[in-house]
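The values are calculated or read from the model by the stated rules, or taken from the named source; none is laboratory data. Source: prediction; values computed, not measured. FYI the Cβ positions are ideal-geometry reconstructions off the backbone, even for glycines, and counts take in every protein chain you see.
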């Protein structure tokens, strides 16, 4: 693990364990207010008169909450290949196999699981262990372990560090996503997962910060907590006292490599946006309104002669973009999104995450000394995956054997892609479902040229070739990815 900025999936390498003990003490106000130290007998009577009942109620509530949440938390195992380059001696990179584990949370009763993208990075095989080690009364049964199931990565979005997995199961217990914009500093939260590979663990803490921004130039924000989080907690839920997910545990800041009370989680509103996009569209929409912006600081306000020292300054407006069409201008200061005050770029970005593509966000801005209000449509920031997905007619090009969306390569698609080796092929535009094969999955933007050596020049020929290979154990797809030819090996399930 790197110091100070660690991902927290767990490697299978040996570890040293340091066992710590901690206590939670609730002292009645009546005892603390006494000016004379009570005797042991007096203290015993005070505890018996009700303090013990209060502690027992807290303990019982936490036990009940834990039993409600735990069945929806899973352990994830990733058998991956990584590159081990000996750059010092100029040797070529080689691949080595490694195993890591992390956590996940069930969001869909039909087998949809959210985790971190870095948990499934480089995956060759993903397996999920369900947490069914609870008996009918909710008590832990040490002899019972949940089933270990194969999972498929539907989407792994590096920008948000979120991934959606799918397993073959139904009627699974799910957790509700809370509105992370309602979080308060000091609020009690619990972190669930498999720290250091110890499955079905829970720790208690508070929200240290509702919107922690590690890079001042990035809109990415996290929920900060002091609940104990360690390697292996990645992808597990951070929940409130109602058992709702307020964040997905992602990484820790540490000098020692272990928990030091600074854990960070992806806010649940970001998780909801990604989950809904993938379930409905097959890919992740990255929202934007076509502006370049930065946080207003006292120094910036002084240098530019601004009338306020908080808010978000619009540095530029993309010509023809949503903000430009709505009437926003460079120099405007954004004060609120949908009447929620905006103090910096992180709150601005989080405010936009609550809108779907095509919905309008109400922005209040200050221009000189005038306060103005605009309705700005939220658009998708176009990248290769987004551009491809937008031209997909899903009912026409779903390839169920591979669980992918494809289009026949034509001039329109060719203009969206980097220069290609061949003029005929099939473009992968997205993933919607699990297929019949596991292994090295094609990614959006890949161009498939052949299957087991048989050339494909369009969707119909791809389907035809796959039909003739129904009884084979493995298939090899020749694809071009970012200008390089690769063979992707997939195995029949």
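Among the candidates 476, 454, the residue that is surrounded by fewer than 21 Cβ atoms within 10 Å (Cβ to Cβ), touching a strand residue (DSSP E or B) at 6+ places or on another chain (Cβ under 6 Å) and modelled with pLDDT of 85 or more is uniquely 476.
Which residues, counting only those in the stretch 429-459, are more than 23 Å from the chain's Cα centre (by Cα) and outside any loop (DSSP other than H, G, I, E, B)? Residues satisfying the conditions are 437, 447, 448, 449, 450, 451, 454, 455, 459.
Residue 323 falls short on exactly one of the conditions (1) at pLDDT below 85; (2) in a helix (DSSP H, G or I); (3) surrounded by 22 or more Cβ atoms within 10 Å (Cβ to Cβ), and that condition is (1). Screening the stretch 164-180 for residues that are in contact with a helix residue (DSSP H, G or I) (Cβ under 6 Å, 6 or more places away or on another chain) and not in a loop (DSSP other than H, G, I, E, B) and picking the one that is nearest to residue 431 (Cα to Cα) gives 164.
Scanning the stretch 265-305 for residues that are out of contact with any helix residue (DSSP H, G or I) (no Cβ under 7 Å at 6 or more places or on another chain), crowded, with 21+ Cβ neighbours inside 10 Å and not assigned by TED's automatic domain parsing to the domain that holds residue 224 yields a total of 1. Filtering the stretch 233-255 to residues that are outside any loop (DSSP other than H, G, I, E, B), farther than 12 Å from residue 207 by Cα and in contact with a helix residue (DSSP H, G or I) (Cβ under 6 Å, 6 or more places away or on another chain) leaves 245, 248. Selection over the stretch 218-248 of residues that are at pLDDT below 85 and out of contact with any strand residue (DSSP E or B) (no Cβ under 8 Å at 6 or more places or on another chain) gives a count of 3. Of the listed requirements (1) in contact with a strand residue (DSSP E or B) (Cβ under 9 Å, 6 or more places away or on another chain); (2) free of Cβ contacts under 8 Å to residues at least 40 places away in the same chain; (3) in a helix (DSSP H, G or I), residue 278 misses just one: (2). Of all the numbered requirements in (1) part of a loop (DSSP other than H, G, I, E, B); (2) modelled with pLDDT under 90; (3) on the phi < 0 side of the Ramachandran plot, residue 424 misses one, and that requirement is (2). Looking at the structure I just gave you, is residue 307 out of contact with any strand residue (DSSP E or B) (no Cβ under 7 Å at 6 or more places or on another chain) and over 24 Å from residue 248 (Cα atoms)? The answer is yes for residue 307.
Here the helices (runs of 4 or more DSSP H) wholly within the stretch 330-398 that include at least 2 residues being modelled with pLDDT under 90 and crowded, with 20+ Cβ neighbours inside 10 Å are 345-353, 384-390. Of all residues in the stretch 459-473, none satisfies the criterion of being modelled with pLDDT under 90 and within 15 Å of residue 404 (Cα to Cα). Filtered by the rule that a residue be touching a residue at least 24 places away in the same chain (Cβ under 8 Å), surrounded by fewer than 15 Cβ atoms within 10 Å (Cβ to Cβ) and within 28 Å of residue 346 (Cβ to Cβ), the stretch 147-186 gives 158, 159, 176, 179, 184, 185. Screening residue 407 with (1) surrounded by 17 or more Cβ atoms within 10 Å (Cβ to Cβ); (2) in contact (Cβ under 8 Å) with a residue 40 or more places away in the chain; (3) closer than 24 Å to residue 123 by Cβ gives one miss only, at (3).
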